[in-house]
Amino acid sequence: MKHTVVALMEDKPGVLNRVSGLFRRRNYNIESLSVGHSETPGISRMTVVVEGDERVVDQVIHQLEKLINVTQVFNVTHQPTVIRELALIKVKATAGTRTEIMELANVFRARIVDVSATSLTVEITGPEEKVNSLIGLLRPYGIEELARTGRVAMVRGGNGHSDEPDDAPQATSESK
Amino acid sequence: MRLTGAQMVWESLVREGVDTVFGISGGAVIHLYHALPEYPIHHVLMRHEQAAAHAADGYARATGKVGVCLATSGPGATNLVTGLATAYMDSSPVVAITGQVATPFIGTDAFQEVDITGITLPITKHNYLVTDIRELPVVIKQAFHIARTGRPGPVLIDIAKDVQAAQGEYQYPDEVHLPGHRVPRNDISSPVQQAARMLNEARRPLLIAGHGVILAGAEHALVQLVEKANVPVVTTLLGIGAIPETHPLCLGMAGMHGEAYTNLAMSEADLIVSLGCRFDDRLTGPVSQFGRQARIIHVDIDSAEINKNVVVDLALVGDLKDVLPALIPLVEERNRDEWLARIGEWREDSAKRDILGRESDDLVPQYVIRQLWYATQGNVVVVSDVGQNQMWEAQYFIHHRRRALISSGGLGTMGFALPAAIGVQFGLPHEQVWVTAGDGGFQMNIQELATVVQEKLPIKIAILNNGYLGMVRQWQQLFFEGRYSGTPLLGPDFAQVAAAYGIPGLTVREKSEVEPAIARAVHSDGPFLIDFRIVQEENVYPMVAPGAPIHTMIRRPEASEQG
Ligand SMILES: Cc1ncc(C[n+]2csc(CCOP(=O)(O)OP(=O)(O)O)c2C)c(N)n1
Ligand SMILES: [Mg+2]
């Protein structure tokens, strides 16, 4: 199963390296990872999508928490969250297909952000499934370039992410 | 106060209580060495940076204080790597200081430039590259704090050469501000109650004492718990000394080379309480079969250890120094006669197979180690190397004191013992320190004999010389068709090598020479080396075959069957 983990970390050189090094070394299966500034100056916010069972995601969280530069880690998988991804898709377009592609984009509320004689660049934002479907529909026209940001996530409502971070790990009572 | 960066380093170390550092000089630390004589810190010149890291590690393990090592950039820094990985695996508080090329040269592949913070990322608890003198005091403060708090570990500080030479205003912070450094302080009362209930209800409970008990300084509390609850305890290799091995409820070291009764107790228990142990595969065997009949409670200061290797029924994240005193009042005295009697039977059976019961004039390593224990009554600190010799030491030396066995467990680093012993001797100047090593591992850092002499350290050395990389040879004999590929080992005449360094030594070939040789070493004022030419193809038993469950052991033959 896929889990979404949000981590806040100091915005310092090498921190991303520490995080990605940890994932590689511990052999975690990371689907996507995206980082950017958070609301606090000097603190970056990272969203990671981890593939694995509860035990794996617990491990990821506790190992991340051990990094000195990581200040907080949340598992938002089981909370109501807004999940978004942005993709830029450059798709082949001829005089014959251009309108079709634009209509498709329209249906997905995607935007055409660049037009050339032979291609269109579409920008789409949404949950991954939505991005996936548009990509699927555009594929037959010929995708020349694709850039996806990976998932970013935010818990709905409440007052920011001040809700309790995960503390002590839970022992599982399932049999060994 | 205006200081150079180099002075700031030493000033801060003095404030952290450091009085000894282990290192080797070079271009990128020449400013540090220049400032050193102004400070009350003894610098121990090692002969290899790996040895400097092991010495700092040995110092830390023996004293519980942070050990410090120092190396220049490039090859000096990379030589530290094995030592840092060793300290990291065994949670030893070490601070390593390396010089880095000057800031303008960083990233240019300058002479002796290496990305040591990148290289040591996965083998340090944290590391720093300092390129601004204003950060230096804070970084040093943080480094020591991180190294010794929570689960201890090594921290590396890489300091650019121009930062060492620069001048700046020095103010050492009183406190650290590290929001990302969590030392567990959660309320443990509820899991402690649950743990007590499980322990009280268990009919065949067993404790596993790991290195964490010693790191937490919770040895005394462990004995109290064991006695009050009347529950037997096994240790890991690094947990040896967490409880006196002379204690009737101590079953000794468990795992791949644990005694049969020890491992049987572990596999027959209905409750296992792990205290500061991380369920290493050398202890557990295949985890799917570990503790088959047991519920498992895992007490650890590091939450990431919970459910990492073994899935447990109850997690208790906290410092054993807090957990054990909270647990003791809640546990009840229970009659465990039946369980203890069963263990007693297994124990007798093991004793019957003990090789020391065998009549023979062969110079076997087990005898050497037992004689060493006998001659010293265990009142020495043993620093063991890696291989068969390490296991024989663990099996046949009876450790009744805390922090009196120092060994590389997690990484299993050959060459650890001699340099680590140098650190141990500096940490414990009034103790007699013994190195036990194989002929292979000893040759990996043999150059440190020079350090022993230069520093006038009275370290005693016992080499269990079997002419093989013995542990590997044993595996080849048992599991690889007896093909001794790459394991026969030609060694020098170690006593003559010692003599060349100015260390007296003896070569022992006969069983009858063991006792007098050890007596001479014990009573000599300075260092002493004994080269024991032991039976070459002796094996370490019992042995759990790799991949086999922990209760299936290759046993020693019974005394009557022994040749
Ligand atoms: C640095 C290092 N290299 C290789 C090994 C693998 N290894 C483990 S035990 C062993 C043999 C050790 O031989 P020796 O030091 O003579 O000790 P013995 O087993 O004979 O007592 C080897 C090569 C290791 N643990 N560490
Ligand atoms: Mg050997």
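All of the numbers you see were taken from the coordinates with simple rules; none came from a lab. In this text, all values refer to a predicted model and were calculated from it rather than measured experimentally. A quick note on method: Cβ atoms are made from the backbone with ideal geometry, for glycine too, and the neighbour counts reach across all protein chains shown.
Helix B:417-427 axis versus longest C-alpha principal axis of chain B: approximately 70°, rounded to the nearest ten.
Would you list, by chain and number, the lysines whose Cα falls below 25 Å from the Cα of A:Lys130, excluding same-chain residues fewer than 8 positions away? Partners found: A:Lys2, A:Lys90, A:Lys92.
Per DSSP H run of n ≥ 4, the term is -39500 (n - 2.57); total these for the protein assembly as shown, divide by its residue number, and report the mean residue ellipticity at 222 nm rounded to 500 deg cm²/dmol.
Taking each H run of at least 4 residues, the total per residue is -9500 deg cm²/dmol.
Farthest toward the positive end of the dipole of the protein assembly as shown, out of B:Ser408, B:Tyr261, B:His126, is the Cα of B:His126, where the dipole comes from beta carbon charges about the Cα centre. What stretch of chain A, leaving out the sites themselves, is the longest with no GluC sites (Glu not before Pro) in a DSSP loop having at most 11 other Cβ atoms within 10 Å? So the longest stretch without any such site is A:40-173.
Largest GNM mean-square fluctuation across A:Gly52, A:Gly150, A:Gly21, computed for chain A with C-alpha springs under 10 Å, falls on A:Gly21. Within 10 Å, at most 14 other Cβ atoms, and a DSSP state outside H, G, I, E, B define an exposed site. Report the longest part of chain B free of exposed GluC sites (Glu not before Pro). By the stated rule (loop sites, at most 14 other Cβ atoms within 10 Å), B:1-174.
Note on B:Asp439, B:Asp174, B:Asp270: ascending count of other Cβ atoms within 10 Å places them as B:Asp174, B:Asp270, B:Asp439, the fewest first.
Looking at the P(r) of segment A:82-152, how many percent of alpha-carbon pairs lie beyond 21 Å? Across segment A:82-152, Cα pairs with separations above 21 Å total 16 percent.
When chain A is treated as a GNM with alpha-carbon contacts under 10 Å, the residue of A:Val131, A:Val82, A:Val70 showing the greatest mean-square fluctuation is A:Val82. P(r) tail for chain B: Cα pairs beyond 44 Å make up 19% of the total. Compared with the dominant Cα axis of chain B, that is its longest principal axis, helix B:136-148 is turned about 0°. A simple spin-label model places pseudo-atoms 7 Å from Cα toward Cβ; at B:Arg2 and B:Glu333 they are separated by 7.1 nm. Looking at the protein assembly as shown alone, DSSP beta bridges between its own residues are antiparallel in about 45 percent of cases. I want to verify the translational diffusion coefficient of segment A:1-115 in µm²/s; compute it with Stokes-Einstein, Rh as the Kirkwood radius over Cα pairs, at 37 °C and 0.692 mPa s. In µm²/s, the coefficient rounds to 200. When B:Cys250, B:Cys277, B:Cys69 are sorted by how many other C-beta atoms sit within 10 angstrom of their C-beta, beginning with the fewest, the order is B:Cys250, B:Cys277, B:Cys69.
Scaled to the globular estimate 2.2 N^0.38 Å, the Cα spread of segment B:1-128, given as radius of gyration, is 1.00. If the chain linking B:Glu510 and B:Arg483 were pulled fully straight, counting 0.36 nm for each residue of separation and taking away their Cα-Cα distance, it would gain 6.9 nm. In summary, the protein assembly as shown shows an alpha-carbon radius of gyration equal to 1.08 times the 2.2 N^0.38 Å reference for compact globular proteins.
With no solvent and one equal point scatterer per Cα, compute the Debye intensity ratio I(q)/I(0) for segment B:481-563 at 0.15, 0.21, 0.25 Å⁻¹ and report its log10, rounded to two decimals. Result of the Debye calculation: -0.83, -1.03, -1.20.
Sorting B:Asp337, B:Asp300, A:Asp58, B:Asp354 from the fewest to the most surrounding beta carbons within 10 angstrom yields B:Asp337, B:Asp354, A:Asp58, B:Asp300.
How tilted is helix A:15-25 with respect to the longest principal axis of chain A? Cα atoms for both, answer in degrees (0 to 90, nearest 10). The angle comes out at about 80 degrees. Under the combined filter of DSSP loop state and at most 14 neighbouring Cβ atoms within 10 Å, segment B:182-242 retains these trypsin sites (Lys or Arg not before Pro): B:Arg185, B:Arg203.
Principal axis extents of the C-alpha atoms in segment B:354-543 (largest first, rounded to whole Å): 47, 33, 32. Think of chain B as having a plus end and a minus end, set by charges on the Cβ of Lys, Arg, Asp and Glu; of B:Ser91, B:Ala209, B:Ala77, B:Ala209 sits farthest toward the positive end of this dipole. Taking a straight Cα-Cα cut-off under 23 Å and skipping sequence neighbours fewer than 8 places away in the same chain, the lysines within cross-link reach of B:Lys125 are A:Lys12, A:Lys66, B:Lys65, B:Lys141, B:Lys308, B:Lys321. Reported to the nearest whole Å, the Cα centre-to-centre distance from segment B:72-112 to segment A:31-103 is 34.
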